[in-house]
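One structure is given below, encoded as structure tokens.
The values are calculated or read from the model by the stated rules, or taken from the named source; none is laboratory data. As the structure is a computational prediction, the values presented were derived from the model and not from experiment. Note that we place each Cβ from the backbone using ideal geometry, even for glycine, and neighbour counts take in every protein chain shown. Accessible surface is based on the protein model in full, side chains and every heavy atom, while ligands, DNA and RNA are left aside. Shrake-Rupley method; radii C 1.70, N 1.55, O 1.52, S 1.80 Å.
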Amino acid sequence: MSVLLLFVDGIGLGDADPEVNPLARARVSRLRLFRDSPSPDPAAFLVPTDACMGVPGLPQSATGQTSLLAGLNASAAVGMHINGFCTKSLAALLDGRSLFSRVKAAGRDATFANAYTPGFLEKPPRFLSVTTIATRQAGLRFRTLEDLARGEALFHDFTNRLLPERGCYLPPITPGEAGRRLAVLTAAHAFTMYEHFLTDLAGHARDMARAALVLENLEALLDGLLSHLDLSRHLVVLASDHGNIEDLSTKQHTLNCVPTLLWGEGAAGAAAGIRNLADISPAILRHLDML
């Protein structure tokens, strides 16, 4: 029994309006996710999930991701929504509480599936993401381009087509093949997390064609993942931190609920405990009999 947390940055439940919502234009089926609509995927459980959590203002990435990983309302704890990178106050909330740390402390294996480039590992930037901080705090190994070349990691652009922008070169792969590789990683660990943030970047760019392509690639990744993973034994949880890509009429994040989608063993029980971002980590830990 294992869990994959497929974290997709910046996707919310908006209106089915093809003028502003690429989810209504893209050639997708699983991801045709709209406000007040059931999941179009009969195998999935869809939970509209509150990303605002009672704190005024637009939800943001750093506090949303901390809430999701640590199982607490990070925005309320620090008194505001914090955008971008992990602050000292958020790192303190994560320390020992993240899913990575909790799974490891229970004697089970956890891994972050994203590959880091040599430049990042040799000279990390001053400001780091919540997931990077949580991985480091838990003492987990950072996956490298060597792992990526062996098929044992995914880049944040899971097709590898953006690698040359970082001065790195590996053959591109299809989204379906990326999904297959992620399925193998999922089956090998008690808890796996993979982070994909091209959705958020496309939303901020307000580029309908780019956003639709990002969503179509994500759908193909899901198809590859779910077709190669034994869903009678494993649970897949797709979660987000805030809305964005579902409304290209604005460059800002939105107040929309975000979708939490669950497939596989124990999906119904895990879904029943989720109402806001802070509920996702406890639901996963309960599923793994760690809470």
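Could you state the per residue volume, in Å³, of the convex hull enclosing the Cα atoms of the range 1-152?
165
Carbon and sulfur atoms: what percent of the 1.4 Å accessible area of the chain do they account for?
Carbon plus sulfur share of accessible area: 53 percent.
Once you order the gyration tensor axes a ≥ b ≥ c over the Cα atoms, which shape class does the range 124-278 get: rounded for a/c under 1.5, otherwise prolate or oblate by comparing a/b with b/c?
rounded
Report, by chain and number, residues whose modeled amide H sits under 5 Å from the one on GLY243, excluding near sequence neighbours (fewer than 5 apart, same chain).
THR254, ASN256
Just to confirm a number: summing +1 for Lys and Arg and -1 for Asp and Glu over residues other than THR260 whose beta-carbon lies under 12 angstrom from that of THR260, what do you get?
That works out to -2.
To the nearest 20 debye, what is the magnitude of the charge dipole of the chain about its Cα centre, counting +1 on the Cβ of each Lys and Arg and -1 on the Cβ of each Asp and Glu?
So the dipole magnitude of the chain works out to roughly 680 debye.
Could you estimate the translational diffusion coefficient of the range 61-215 from the Stokes-Einstein equation, with Rh from the Kirkwood formula over C-alpha pairs, at 10 °C and 1.306 mPa s, in whole µm²/s?
Translational diffusion coefficient: 96 µm²/s.
Over the range 214-276, one equal point on each Cα, no solvent: what is log10 I(q)/I(0) by the Debye formula at q = 0.13, 0.24 Å⁻¹?
Summing over Cα pairs of the range 214-276 leads to -0.46, -1.06.
Among (i) 56, 18, 16; (ii) 24, 22, 21; (iii) 33, 23, 19, find the value of semi-axes √(5λ) of the Cα gyration tensor in Å that was calculated from the structure presented, and write down its label.
(ii)
Ranked highest first by the average count of other Cβ atoms within 10 Å around their residues, in what order do 25-36, 110-121 fall?
My ranking of the peptides, most packed first, is 110-121, 25-36.
Treating only the Cβ atoms of Lys and Arg (+1) and Asp and Glu (-1) as charged, compute the dipole magnitude of the range 42-164 about its Cα centre; round to the nearest 20 debye.
260
Per-residue counts of other Cβ atoms within 10 Å, averaged by peptide: what ranking do you get for 61-69, 196-204, highest first?
Packing proxy ranking, top to bottom: 61-69, 196-204.
Hey, what D do you get for the range 127-196 in µm²/s if you plug the Kirkwood alpha-carbon radius into Stokes-Einstein at 37 °C and 0.692 mPa s?
Rounded, D is 252 µm²/s.
Mind putting together the pair-distance distribution for the range 11-72? All Cα pairs, 10 Å bins, whole percent per bin, short to long.
19, 39, 36, 6
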